[in-house]
Amino acid sequence: MDLSVLRSAPQISHPAGHELITEGRPLQGVYFLESGEVEVCKNGVSIAEIYEPGAVMGEMSWLLATLPTATVKTSTPCTFRHVANPPEFFRLNPAATVHMATILARRLDSLNRYLVEIKHQFQDRADHLGIIDEVLDSLMHKHPRDIPRRNAGD
């Protein structure tokens with residue numbers, strides 16, 4: 001994507017160690033990485049390191065209207081473009097919308113390939129691990145529906 005479309009969004013910078021998005025806390029908008037590296041953690045487990053300019057963060061929470069399910073923390077000093085009003089920004093910037101959709105499609109494709117690999121590893125198991133094949137099969141063939149998230153205390 002031509003990142004020039006992001007110039008209309010305010011530029012913000014944070015030092016290493018700053019929590020940009022905190023799991024379970026209200027989202028303050030969507031962020032596009034201009035420079036630096038961030039780490040994404042879910043339940044305290046590192047699940048991704050992001051350093052590609054143009055990477056978007058906070059889009060899942062915004063799109064699904066949920067609290068963030070992961071924490072995004074700067075690993076190095078970082079510069080972002082902050083979009084405080086995502087609906088308006090994406091309406092006015094279709095190229096940014098396509099860019100975000102492409103990123104989400106890449107993530108989904110990567111996850112699908114990973115699930116298929118795990119499915120192949122466990123499909124012929126006769127023990128208790130054989131159920132993994134069945135669970136993955138149901139995940140891969142069901143159309144997602146809007147299921148409310150449960151809190152840890154529920």
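General remarks:
- Scan of region 108-154 for residues that are charged (D, E, K, R), modelled with pLDDT of 70 or more and surrounded by fewer than 12 Cβ atoms within 10 Å (Cβ to Cβ), ordered by number: Asp109, Arg113, Glu117, Asp124, Asp127
- Selection within region 2-40 - over 19 Å from Pro87 (Cα atoms), hydrophobic (A, V, I, L, M, F, W, C) and surrounded by fewer than 16 Cβ atoms within 10 Å (Cβ to Cβ): Ile12, Ala16
- Test for Leu6: is it assigned to a strand (DSSP E or B) and touching a residue at least 24 places away in the same chain (Cβ under 8 Å): no
- For the residues Thr97, Thr76, the requirement of being surrounded by fewer than 18 Cβ atoms within 10 Å (Cβ to Cβ) and at pLDDT 95 or above singles out Thr76.
- Out of Thr97, Thr66, one residue alone is part of a helix (DSSP H, G or I), within 18 Å of the chain's Cα centre (by Cα) and among the β-branched types (Val, Ile, Thr). It is Thr97.
- Within region 9-28, the only residue that satisfies the criterion of being in a loop (DSSP other than H, G, I, E, B), among the polar types (S, T, N, Q) and farther than 16 Å from Glu49 by Cα is Gln28.
- Summed over region 70-85, the residues that are assigned to a loop (DSSP other than H, G, I, E, B) and out of contact with any Asp or Glu (no Cβ under 6 Å at 6 or more places or on another chain) give a count of 3.
- For first residues located in region 47-61 and in a strand (DSSP E or B), partners that are among the acidic types (Asp, Glu) and lie 6+ apart or on another chain with Cβ distances below 8 Å form the pairs Ala48/Glu39; Glu49/Glu37; Glu49/Glu39; Ile50/Glu37; Ile50/Glu39.
- From the options Ala65, Ala55, Ala70, residue that is aliphatic (A, V, I, L, M) and farther than 23 Å from Gly17 by Cβ: Ala65
The values are calculated or read from the model by the stated rules, or taken from the named source; none is laboratory data. Owing to the predicted nature of the structure, the values given are computational and were not obtained by experimental measurement. Positions of Cβ are generated from backbone atoms using ideal geometry, with glycine treated the same way; all protein chains shown enter the neighbour counts.
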